[in-house]
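Inspection log for the structure reproduced underneath, given as structure tokens.
The values are calculated or read from the model by the stated rules, or taken from the named source; none is laboratory data. Since the model is a prediction, treat every value here as computed from it, not as a measurement. With ideal geometry, Cβ positions are generated from the backbone for all residues, glycine too; neighbour counts draw on all protein chains shown.
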Amino acid sequence: MKSKIFAFCPLLFLLLPNFFPSLFSPLSRAFPSLLSEWNAPKPMHLNLLNGAMQRVIFDDYRSRVWSPLPDQGLKPCQDFSKSQNLPKRSRGYIQVFLDGGLNQQRMGICDAVAVAKILNVTLLIPYLEVNPVWKDSSSFTDIFDVDHFINALKDEVYIIKELPAEYSWSTREYYATGIRATRIKNAPVHASPSWYIEDVLPVIESYGIAAIAPFSHRLAFDDLHPDIQHLRCKVNFEALAFVPQITALAGALIDRLRNPLSAKRKGEHMNKLEGMNGIEAGKYIVLHLRFDKDMAAHSACDFGGGEAEKRALAKYRQVIWQGRVLNSQFKDDELRNQGRCPLTPEDIGLLLAALGFDNNTRLYLASHKVYGGEARISVLQKLFPLMEDKKSLLSADERALIDGKASLSAAVDYHVSMQSDVFISASPGNMHNALLGHRAYKNLKTIRPNMVLLGKLFLNQSMEWSDFQQAVADGHKNRQGQIRLRKKKQSIYTYPAPDCMCKGRLQRLFGGLTSLVQ
Ligand SMILES: *[C@@H]1O[C@H](CO)[C@@H](O)[C@H](O)[C@H]1NC(C)=O
Ligand SMILES: *[C@@H]1O[C@H](CO)[C@@H](O)[C@H](O)[C@H]1NC(C)=O
Ligand SMILES: *[C@@H]1O[C@H](CO)[C@@H](O)[C@H](O)[C@H]1NC(C)=O
């Protein structure tokens with residue numbers, strides 16, 4: 001009974017101010033945090049939105065945004081396993097426990113294989129911890145094709161699914177319930193190979209096994225042997241494949257995005273699709289949209305939700321970070337000028353419209369989570385009426401496989417994103433980085449929003465649509481997937497060149513790569 005009453009509360013609160021205005025103010029004083037975020041956020045750039053709604057996309061813009069990237073002279077290195085001989089014997093066992101969401105765990109898996117190789121030990125299939133936010137208990141084998149994984153790496157590293165009986169005591173429960181000599185708790189962030197040889201190998205020599213937890217970001221990106229770098233890329237880009245259930249579900253999504261007319265919702269879409277022509281037929285773009293309360297509050301920017309939203313975000317900052325948020329020292333326009341405000345769905349919609357995506361664009365929303373909910377999404381939907389997501393494209397039965405499973409759901413989105421003609425991420429983060437790297441490896445188009453430029457453009461309240469369009473196009477010419485070479489300390493998984501990408505045959509013959517040298 002009690003739980004039912006609680007479940008109805010939000011609804012009651014929603015209705016109250018309309019029907020019982022006199023009750024509203026005492027209530028709002030008693031529960032300010034419940035009431036404060038009601039005002040639906042309004043569009044912030046009405047001027048530009050009007051322009052974007054009537055946008056005319058010239059053919060050269062259209063073909064530019066949809067055309068694949070030209071060959072950039074770099075290909076995945078083929079000679080991965082040449083010098084990667086399997087050691088004659090394994091020196092023991094290593095196991096890792098991985099925190100974070102799926103894309104962070106992915107990097108951990110790659111590093112774990114590299115560490116096993118550095119130490120000449122056998123790796124137990126990594127254990128994926130249940131993340132307190134995402135709460136998905138799916139294991140490695142629920143997500144990744146474990147036989148493919150082991151087989152793809154069999155000439156380089158020993159990998160096993162289960163520890164032999166004599167080590168079966170070495171479980172997560174064992175490490176969770178006491179201080180254990182075989183647990184490595186203090187692996188430094190970005191540790192060097194010599195740290196592993198000096199600090200982990202002796203444990204393995206003494207006990208036969210070492211368990212490293214935590215293990216996120218625990219292997220350096222610089223000054224590693226090229227073979228180890230190649231191996232990391234091979235794991236990330238070749239050995240990690242999703243299980244068939246995930247690729248099948250993603251495949252259904254991709255098929256429905258590419259062939260909307262043959263999809264089951266034929267009638268519904270027929271009208272919308274008339275006039276679809278030319279280069280973008282059968283193509284789709286994936287937008288990874290993350291605009292959650294955490295991000296919005298932490299940025300300390302103003303997102304057009306008025307006083308109520310401002311107060312709610314300030315309160316959230318106070319509760320979560322005790323007000324210690326660097327950005328809150330700055331005013332909104334200062335933050336925008338520096339490109340430090342996350343892009344809202346509206347901002348991203350305007351960016352895509354200005355880049356040359358018309359209203360026939362099939363836009364797939366990946367793992368979106370939007371503070372402000374439907375009201376914020378609806379602006380984007382107005383600009384892109386053919387916007388889709390898992391909910392719109394899959395039946396309830398199909399969704400049952402991933403419902404409430406954040407990691408499986410993220411895996412499906414990863415696969416759909418990898419197959420898309422264009423990918424854009426509205427916010428930096430693990431998924432953004434993972435796809436940026438993987439798509440660079442396959443020379444696929446990825447748009448990187450120019451935050452500083454957009455911040456400045458959005459500050460100008462009298463900006464004309466045509467000027468905006470021109471400035472956006474100019475400011476994103478070199479942000480569509482052109483190879484960027486990894487700099488020191490940057491992740492090899494985000495920037496796989498040059499470590500994992502080699503000159504193509506023609507480039508080798510003619511000493512090419514001029515575009516990179518410039
Ligand atoms: C691992 O094995 C290789 C030869 O296969 C050897 O060169 C290297 O020194 C070994 N490393 C360790 C830490 O045992
Ligand atoms: C796109 O815009 C044109 C012109 O404004 C309109 O006729 C058409 O119906 C729109 N398409 C969709 C899918 O809304
Ligand atoms: C704002 O936009 C208008 C119209 O597009 C332009 O004429 C003006 O120079 C811009 N102002 C600034 C400060 O950039």
Among the residues listed as LEU253, LEU231, LEU240, the single one being at pLDDT 85 or above and touching a Leu at 6+ places or on another chain (Cβ under 6 Å)
LEU253
Residues that are hydroxyl-bearing (Ser, Thr, Tyr) and either closer than 13 Å to ILE94 by Cα or within 16 Å of ligand 3 (Cβ to nearest atom) (or both), drawn from the stretch 186-202
TYR196
Scan the stretch 184-208 for residues that are in contact (Cβ under 8 Å) with a residue 24 or more places away in the chain and either of a type in the set (A, V, I, L, M, F, W, C) or buried (at least 18 other Cβ atoms within 10 Å of the Cβ) (or both) and jot them down.
ILE184, ALA187, VAL189, ALA191, PRO193, TYR196, ILE197, VAL200, LEU201, ILE204
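Residue-wise test of (1) within 26 Å of the chain's Cα centre (by Cα); (2) of a type in the set (A, V, I, L, M, F, W, C); (3) in the same structural domain as ARG232 (by TED's automatic domain parsing); (4) more than 18 Å from CYS233 (Cβ to Cβ).
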site: ALA112; (1), (2), (3), (4): yes, yes, yes, no
site: LEU128; (1), (2), (3), (4): yes, yes, yes, yes
site: ALA165; (1), (2), (3), (4): no, yes, yes, yes
site: ALA176; (1), (2), (3), (4): no, yes, yes, yes
site: TRP195; (1), (2), (3), (4): no, yes, yes, yes
Could you go through the stretch 203-211 and let me know if any residue there is part of a loop (DSSP other than H, G, I, E, B) and more than 16 Å from ligand 3 (Cβ to nearest atom).
yes
Before we move on, is GLU307 modelled with pLDDT of 85 or more and surrounded by fewer than 17 Cβ atoms within 10 Å (Cβ to Cβ)?
yes
Would you confirm whether or not the stretch 41-48 contains a residue that is away from ligand 2 (no atom under 16 Å from the Cβ), over 22 Å from LEU383 (Cα atoms) and modelled with pLDDT under 85?
no
Within the stretch 356-379, track down each residue that is away from ligand 2 (no atom under 16 Å from the Cβ) and either at pLDDT 95 or above or not in a helix (DSSP H, G or I) (or both).
LEU365, ALA366, SER367, HIS368, LYS369, VAL370, TYR371, GLY372
(1) within 16 Å of ligand 1 (Cβ to nearest atom); (2) crowded, with 17+ Cβ neighbours inside 10 Å; (3) within 30 Å of the chain's Cα centre (by Cα) all hold for ASP142 apart from (1)
Considering only residues of the stretch 100-116 that are closer than 16 Å to ALA191 by Cβ and not β-branched (Val, Ile, Thr), which is surrounded by the most Cβ atoms within 10 Å (Cβ to Cβ)?
ASP111
Somewhere in the stretch 372-389, is a residue surrounded by fewer than 22 Cβ atoms within 10 Å (Cβ to Cβ) and either within 16 Å of ligand 1 (Cβ to nearest atom) or polar (S, T, N, Q) (or both)?
yes
Taking the condition part of a helix (DSSP H, G or I), over 25 Å from ASN131 (Cα atoms) and among the basic types (Lys, Arg), does LYS382 pass?
yes
Boolean, LYS503 is on the phi > 0 side of the Ramachandran plot and either surrounded by fewer than 19 Cβ atoms within 10 Å (Cβ to Cβ) or at pLDDT 95 or above (or both):
no
Scan the stretch 13-36 and give yes if some residue there is in a helix (DSSP H, G or I), modelled with pLDDT of 90 or more and surrounded by fewer than 19 Cβ atoms within 10 Å (Cβ to Cβ), otherwise no.
no
Are any residues in the stretch 39-70 in a loop (DSSP other than H, G, I, E, B) and closer than 30 Å to GLU307 by Cα, and if so, which ones?
ASN39, ALA40, PRO41, LYS42, PRO43, MET44, HIS45
